[in-house]
Ligand SMILES: C[S@@+](CC[C@H](N)C(=O)[O-])C[C@H]1O[C@@H](n2cnc3c(N)ncnc32)[C@H](O)[C@@H]1O
């Protein structure tokens, strides 16, 4: 069942912060350079990275912007982000605790907002989009990188699968659902692309500290699908019929707030 408070996210990410700080998928995953390209940061930008986690996106932006603020619910994740900024001598990156759905910043205080590998955790994506719109100046842009489902039917299955691994997963929407919500918030949908990811099953479940029982439940959940459904869900099996990975599409989108 999807969670109904943000405490599931802070509990899960505080417990697994060191694993996320070490995760190659998060540090170097291929959505990051595409997000940077879509964001086109300049030294005039004041940037906000929402749900920054251990700060991968904020750290990548820092050399190219005047200032970047990373915000996250989980203090344990932010501790890694602050440490890395200090280790790298980044003096224009700061980190604050807070919620994506209630941003603690005045109207029109940023020129660029980003959020990567995180909005599928947000309980109220519409509120996050409204908040991002509010804190952006006219002419500003919001650049998102997040996993999508290829159809609404795949979303139903995928949300069950993902939640069995990480109770703070909330909704992995198709691109069309994103487009409707973004436009309802007032954004212009300027540019989008899909970046393929392969999530190795062992690595993916280890990062979440899944117990052997949880891993078995995930395998049973996947094995119940027929061949066509497995293909639609992006599941990968080896020749011996063992689940080895799933493939998903990371949507990167640039949304613009007109003057
Ligand atoms: C996968 S991690 C972030 C990855 C990071 N953005 C990156 O580029 O590597 C997801 C993060 O979303 C945060 N999060 C989840 N729901 C949130 C919310 N409503 N407001 C702020 N942060 C949230 C979690 O605490 C977690 O740190």
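The values are calculated or read from the model by the stated rules, or taken from the named source; none is laboratory data. Since the structure is predicted, the reported quantities are computational estimates derived from the model, not experimental observations. Here the Cβ is made from the backbone with ideal geometry for all residues, glycine too, and neighbour counts use every protein chain on show.
Annotation for region 154-162: no member residue is farther than 20 Å from residue 247 by Cα, touching a residue at least 40 places away in the same chain (Cβ under 8 Å) and more than 14 Å from the chain's Cα centre (by Cα).
The set of residues in region 134-157 being in a helix (DSSP H, G or I) and within 16 Å of the ligand (Cβ to nearest atom) consists of 134, 135.
When the test is whether a residue is at pLDDT below 95, within 11 Å of the ligand (Cβ to nearest atom), closer than 12 Å to residue 117 by Cβ and part of a helix (DSSP H, G or I), residue 19 does not pass it.
Taken as a whole, the condition of being within 16 Å of the ligand (Cβ to nearest atom) and assigned to a loop (DSSP other than H, G, I, E, B) does not apply to residue 120. Scanning for something in contact (Cβ under 8 Å) with a residue 24 or more places away in the chain and under 22 Å from residue 232 (Cα atoms), does region 85-106 turn up at least one residue? No, every residue in region 85-106 fails to be in contact (Cβ under 8 Å) with a residue 24 or more places away in the chain and under 22 Å from residue 232 (Cα atoms). If you filter region 22-31 down to residues that are within 9 Å of the ligand (Cβ to nearest atom) and in a helix (DSSP H, G or I), you find that the one that is farthest from residue 206 (Cα to Cα) is 31.
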